[in-house]
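First comes the structure, then the notes that go with it.
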């Protein structure tokens, strides 16, 4: 599959601190690429290097098969981005902000075209209002309008749902999926929340302390054969004894606390439930998790 | 590049802060003109006190040209503070509100951004001086009329014929523009290294004050370094108001006594501007945007 972004051995050091460490990955064309990691894992530094806001200490970045360093302007013409907060010129109106960035992108848009772009993100009725009066969600939507108005092939979104209410988060999620499916735009999406990424990403990369932890297609990572099931019962010791003396003994995972963990295929869950019922064990909790979530939690709990 | 410049000018003139300098200059010039209108004769008499015993002055001594000269002497020292308000905010202000991030993800090069921003600051400086010229020169000419300009130098008096003054003001304002652009370039350079506006604005003003004091102190050790300080050369606009005399000690209209000094000072100021902006471009190209 053709790659939109190719990153090779990317490293960034701030003095003695290595924020990004020998990171390599590829973003396939047409994908929704989820870029995951805890706060401070090196996501923003990586994205800033991708957007040429930070100079890498070493490594190579290519977009559309072109080296970023040499073809920066040409590459940025094909990219829309919101890096962290969507900060705009607060003393200008939404319309003026949009018009200004359109001109910087070499677009000579008419008034109706600009209003149309604001309509797409639901801000046409606030076109003449100064951005300093906008909520975080409205700024986020204006940022999206700016990122989208030049019909980019790739959109880079760094923590796009930060500071949004649940409805705002749902709207952004829907918009991302719509852009990907209807306009075939590749999306590079960073987040520190797996729950935010797993619902929409086709590919996932997890980094920790600047290093790649795991990278694969979502389909491979969310393999139902690797489901982890966490159970809690009215008597965990008794339940554990029964499980150890049964066909489930090979599914048992290392003890990670008061609850019991088993690794199995997702389809085996009813069978496990039946087994516990037949041995008169009352279930208080039965929670399936795929391996990625388990892995992500392990990584994050190690950090904490 | 032209688009970028238009965008930068649009941003400057959409901000209320920009107009503080225009209002401040109008207020200061208005106060000086009002004071001189009400009690100007007493002021002139006080200034000319020690020469009035040797000379008899006829005509309109307190004319628009003299008023403009007084205003320039008083104000040109303080205009750098107003210029620093905008120039030292050009990059750091955007870093502070986070828009620098958005600006640098647009398909424009960092060098283009720096040049457009400096040109926008230069145009702002030019407009500020044009505004000052309108108020200080043209309004004063209208309020006080015109006549010969008599200026007291340290050791002698200069009398410039009324027909020989106006072009000197054009030259003086042109030179003042160069001096103020040097200040703008310094403020601009400092704004590259900061992520908020206050630091570079205060630093620019502090450097100007510090160097101005060094430039005017008559202590031998400081006098050795004075030719290398740009603040020493910022006052060379006064050279436009001195003229050559012939063998009979009669003034030669249309001449400048020390043209070489003006050229040399202008060269040094231009060199400072080039160095400041060159360093700013170099530093900005390597700057990691972390805000």
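Points to keep in mind about this one:
- Cβ neighbours within 10 Å from other chains - mean over B:106-113: 5
- Alpha-carbon Debye profile of segment B:1-87, log10 I(q)/I(0) at 0.14, 0.21, 0.22 Å⁻¹: -0.66, -1.03, -1.08
- FRET efficiency, residue B:198 to residue B:153 (Cβ-Cβ, R0 35 Å, nearest 0.05): 0.30
- Rounded Å value of the spacing that divides the Cα centres of segment B:247-291 and segment B:5-73: 25
- Which of B:17, A:72 has the fewest Cβ neighbours within 10 Å, and the rest in rising order: B:17, A:72
- Size of segment B:2-286 as Cα extents on the principal axes (Å, biggest first): 69, 41, 31
- Relative contact order of chain B, defined on C-alpha pairs under 8 angstrom at six or more residues apart (%): 23
- Other protein chain Cβ atoms within 10 Å, averaged over every residue that makes up B:260-270: 0
- Estimated from helices alone, the mean residue ellipticity of chain B at 222 nm is -21000 deg cm²/dmol (sum of -39500 (n - 2.57) over DSSP H runs with n ≥ 4, per residue).
- Per-residue Cβ neighbour counts within 10 Å put B:77, B:67 in the sequence B:77, B:67, beginning with the fewest.
- In terms of other Cβ atoms within 10 Å, A:230, B:94 run from fewest to most in the order A:230, B:94.
- With a simple spin-label model that places each label point 7 Å from the Cα along the Cα-to-Cβ direction, the separation between residue B:214 and residue B:260 comes to 2.6 nm.
- Overall dimensions of segment A:1-104, expressed as equivalent-ellipsoid semi-axes from the Cα gyration tensor (√(5λ), whole Å, largest first), are 26, 18, 14.
- Figure legend: label point modelled 7 angstrom from the Cα of residue A:259 along Cα→Cβ; residues of segment A:210-231 with amide N under 20 Å from it are A:222-231.
- The angle separating the long axis of helix A:136-148 from the principal Cα axis of greatest extent in chain A is about 70 degrees.
- Point-to-point label distance, residue A:57-residue A:78, nm (Cα→Cβ direction, 7 Å offset): 3.0
- Calculated FRET value between residue A:232 and residue A:116, using beta carbons and R₀ = 60 Å, to 0.05: 0.65
- For segment B:215-270, the C-alpha radius of gyration divided by 2.2 N^0.38 Å, with N the number of residues, is 1.36.
- Inverse mean reciprocal Cα-Cα distance (Kirkwood Rh) of the protein assembly as shown, Å: 29.1
- Contour minus Cα-Cα distance for residue B:142 and residue B:274 (0.36 nm per residue): 43.7 nm
- Shielding by partners, peptide A:44-51 (average Cβ within 10 angstrom, other chains): 2
- Point-to-point label distance, residue A:167-residue B:43, nm (Cα→Cβ direction, 7 Å offset): 6.3
Where a number appears in this text, it was derived from the coordinates with a stated rule and is not lab data. The structure displayed is predicted, hence computed values, not measured ones. Heads up, the Cβs are rebuilt from the backbone with ideal geometry, glycines too, and the neighbour counts pull from every protein chain shown.
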